[in-house]
Amino acid sequence: VPEDQADKLLLASWGLPKAILEKYHSLGVVQMFEWQAECLMLGQVLEGKNLVYSAPTSAGKTLVAELLILKRVLETRKKALLILPFVSVAKEKKCYLQ
C-alpha cells in the first residue's frame, strides 16, 4: 500500500456502516494487512470485477471476501451468495454477519 494510502489499512476507511465496524472491532479486527487492502484497491474490484487471490490458511482471505460482499450488497441493494468450505465456518459466518 502506498504511504499516502496507509489509512486504507483501517476498516473504517472503507465506508462501512457503524454497526458493521463495531462488530468487527468487538472481534478485534480494526485494520487489515497490506495485502488485503491491495486486493481491494486492484482495478475495478469494488465495482464488481473479478478478483483471484491466494494466501496461506488463516492469512485473512475471508476478510477480503466479506468486505467485497458487504460493500457490494450495501451499495447495490442486491443479494450475494457466499460459499464456504465447511459447515462449522458457515455457522460461524452466519452468526458473525447477522
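The values are calculated or read from the model by the stated rules, or taken from the named source; none is laboratory data. Just so it is clear, the model here is predicted, and its values are computed rather than measured. Every residue, glycine among them, receives a Cβ derived from its backbone with ideal geometry; neighbour counts consider all protein chains shown. Each accessible area value is taken on the protein alone, full model and side chains, heavy atoms only, with ligands, DNA and RNA left out. Shrake-Rupley method; radii C 1.70, N 1.55, O 1.52, S 1.80 Å.
Quick notes on this structure:
- Breaking point among (1) assigned to a helix (DSSP H, G or I); (2) modelled with pLDDT under 85, for LYS71: (2)
- Within segment 11-26, residues that are touching a residue at least 60 places away in the same chain (Cβ under 8 Å) reach partners that are among the aliphatic types (A, V, I, L, M) with beta carbons closer than 9 Å, at six or more positions or on different chains, in the pairs LYS23/VAL29; LYS23/LEU97.
- Scanning segment 36-53 for residues that are part of a helix (DSSP H, G or I) and open to solvent by less than 70 Å² (accessible area, probe 1.4 Å) yields GLN36, ALA37, CYS39, LEU40, MET41, VAL45, LEU46.
- Scanning segment 70-92 for residues that are within 21 Å of GLY15 (Cβ to Cβ) and either in contact with a strand residue (DSSP E or B) (Cβ under 9 Å, 6 or more places away or on another chain) or of a type in the set (Lys, Arg) (or both) returns LYS71, ARG72, ARG77, LYS78, LYS79.
- Pick from segment 7-34, criterion among the basic types (Lys, Arg) and open to solvent by 80 Å² or more (accessible area, probe 1.4 Å), ranking: modelled with the highest pLDDT: LYS18
- One residue stands out among those in segment 54-73 that are over 11 Å from the mean Cα position of the chain (by Cα) and under 18 Å from ALA90 (Cβ atoms): the one that is surrounded by the most Cβ atoms within 10 Å (Cβ to Cβ), which is VAL73.
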